[in-house]
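The values are calculated or read from the model by the stated rules, or taken from the named source; none is laboratory data. For clarity, every value in this text was computed on a predicted model and none was experimentally measured. When we count neighbours, we look across all protein chains shown, and the Cβ atoms used for this are built from the backbone with ideal geometry, even at glycine. Keep in mind that these areas ignore ligands, DNA and RNA; they rest on the heavy atoms of the full protein, side chains included. Shrake-Rupley method; radii C 1.70, N 1.55, O 1.52, S 1.80 Å.
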Amino acid sequence: MSQKPEIFVTRKLPKAVEERAARDYRAHLNGPDDPPDRDALLKGAEGCDGLLVTTTDRVDNSVIEALPDRVKVIATFSVGFEHIDVAAAKDRGIVVTNTPDVLTDATADIALLLMLGAARRASEGERMIRAHAWDGWAPTRMLGTDLGGKVLAIVGMGRIGRALAKRARAMGMTIHYSNRSRLSPDLEEGAVYHADPEELLAHGDVVSLHCPLTPQTRHFIDTRRIGLMKQGAILVNTARGGVVKDDDLIAALKSGRLGSAGLDVFEGEPNLHKGYAALENTFLLPHLGSATLETREAMGFKALDNLDAFFAGKAPPDRIA
Ligand code: DGY
């Protein structure tokens with residue numbers, strides 16, 4: 001390619017990432033940060049050799065089919081890639097890459113925050129203070145539950161699950177997990193493996209979700225599986241909202257079947273089920289898992305590393321299709 005490749009960057013990215021994109025590419029940046037809808041995405045792709053998309057862009061089969069022939073690579077600024085029809089991209093010979101590793105610690109930190117927030121009624125306490133409704137310390141009010149000495153059940157022991165396990169061990173928790181395959185002893189670090197994720201659920205005082213959203217994991221947490229969990233257990237979700245069936249979780253939180261939930265991701269976000277905000281026993285964050293400047297810069301650089309490799313005729317390090 002004699003000229004610099006042309007790329008469409010669908011969302012506003014950290015300054016240092018945009019500067020590098022503008023230096024190395026004919027980059028169409030999204031100054032106002034308007035999330036493109038289907039038409040805007042396809043319009044932005046016109047004349048481009050590659051796309052740098054995010055988790056808010058729906059790159060489904062119909063979008064892939066309508067992309068100009070010139071688009072040969074899609075780099076997503078995310079580790080999750082359920083928003084891209086990877087099989088359709090493969091069929092059209094479009095390379096797809098993601099950004100693993102660099103958001104592991106930031107996301108595990110948020111999972112820990114959710115776990116603590118849910119266990120210690122942080123949201124409720126915060127709201128009470130802001131509403132000027134706190135009438136003083138009392139021995140028996142606002143009691144939460146200790147995490148030390150309890151069992152953390154991790155559904156999906158990839159990088160983020162393992163990083164949360166490390167943090168939880170430091171707090172004196174015992175780790176149980178399920179995963180597609182059992183980890184080697186050095187990665188397992190004494191965690192107890194359950195081949196069947198349903199069987200795992202019965203062990204957790206806290207259950208934390210770290211699996212990708214796939215047709216198999218969609219609505220994994222439903223009334224039947226909540227019934228397998230311990231009475232009063234805490235559910236934490238930093239994976240994807242679609243892994244949880246909202247109506248079922250809300251009913252379990254209302255009835256006291258589950259004690260509380262710490263949630264960073266929601267089905268249909270940002271339009272989450274209204275039931276969550278109405279509950280005292282939810283600790284809710286707006287998809288902040290990777291939201292630190294350092295992490296978002298690292299994600300952007302990784303996405304650009306992948307595009308750089310592709311346009312240099314090399315294998316992109318994080319190719320998923
Ligand atoms: C990801 O990378 O998949 C995250 O959800 C974005 O924070």
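The calculated pair-distance distribution of the stretch 104-284 uses every alpha carbon pair, bins of 10 angstrom beginning at 0, and gives 10, 40, 36, 12, 2, 0 percent. Take every pair of alpha-carbon atoms less than 8 Å apart whose residues are at least six positions apart; their mean separation over the length of the chain yields a relative contact order of 18 percent.
Taking every protein chain into account, the 1.4 Å probe leaves Glu6 with about 30 Å² of accessible area, to the nearest ten.
Which values of log₁₀ I(q)/I(0), to two decimal places, follow from the Debye formula for the stretch 178-226 at q = 0.25, 0.26 Å⁻¹ with a uniform point scatterer at every Cα? Relative scattering, expressed as log10 I(q)/I(0), comes to -1.13, -1.19.
Nonpolar atom fraction for the chain, defined as the carbon and sulfur part of the 1.4 Å probe accessible area, stands at 54 percent. The angle separating the long axis of helix 15-24 from the principal Cα axis of greatest extent in the chain is about 20 degrees.
From the square roots a ≥ b ≥ c of the eigenvalues of the alpha-carbon gyration tensor of the stretch 1-56, which class results: rounded (a/c under 1.5), prolate (a/b over b/c), or oblate? Oblate, since a/c reaches 1.5 and b/c is not below a/b. With a Förster radius of 45 Å applied to the C-beta separation of Asp222 and Leu183, the computed FRET efficiency comes to 0.95. If you average the sequence gap of Cα pairs under 8 Å that are 6 or more apart and divide by the length of the stretch 104-284, what percent do you get for the contact order? Averaging sequence separation for qualifying contacts and normalising by length gives 23 percent for the stretch 104-284. With protein chains left intact and a 1.4 Å probe, residues in the stretch 104-284 average 49 Å² of accessible area per residue. If the Kirkwood radius is taken over C-alpha pairs of the chain, then at 10 °C and 1.306 mPa s the Stokes-Einstein diffusion coefficient equals 76 µm²/s. Rolling a 1.4 Å probe over the protein heavy atoms leaves Val79 with an accessible area of roughly 50 Å². Local charge for Arg121 was computed over the other residues whose Cβ lies under 12 Å away, with Lys and Arg +1 and Asp and Glu -1, and equals 0.
Summing Cβ point charges (Lys, Arg +1; Asp, Glu -1) relative to the Cα centre of the chain gives a dipole of roughly 420 debye. Label-to-label distance, Arg92 versus Arg26, with points set 7 angstrom from Cα along the beta-carbon direction: 2.0 nm. Given their separation in residues at 0.36 nm each and the Cα-Cα distance between them, Trp134 and Asp60 gain 21.7 nm when the chain is fully extended. Averaging Cα coordinates gives a centre for the stretch 177-213 and one for the stretch 233-304; these two points are 20 Å apart.
Note on Asn271 and Lys314: the extension gain reaches 11.5 nm, defined as 0.36 nm multiplied by sequence separation minus the Cα-Cα distance. Relative to the longest principal axis of the Cα atoms of the chain, helix 293-311 runs at roughly 40 degrees. With 24 Å as the limit on Cα-Cα distance, the pairs of Lys12/Lys90; Lys230/Lys254; Lys4/Lys72; Lys15/Lys90; Lys12/Lys43 that go past it are Lys12/Lys90; Lys15/Lys90.
Relative contact order of the stretch 46-148: 22 percent, from C-alpha pairs under 8 Å at least 6 residues apart in sequence. What the Cβ-Cβ distance of Thr292 and Ala170 gives, at R0 = 30 Å and to the nearest 0.05, is a FRET efficiency of 0.90. Residues Ser62, Ser2, sorted by accessible area with the largest first, give Ser2, Ser62 [1.4 Å probe; ligands and nucleic acids excluded].
Quick check: the angle from helix 246-255's long axis to the longest principal axis of the chain, C-alpha only, nearest 10 degrees? Around 20 degrees separate the two axes. Here the peptides 244-253, 285-294 are ranked by packing, the mean other Cβ count within 10 Å, and the order with the highest first is 244-253, 285-294.
Projecting the Cα atoms of Val17, Leu183, Leu263 onto the charge dipole of the chain (Cβ charges, centred on the Cα centre) puts Leu183 farthest toward the positive pole.
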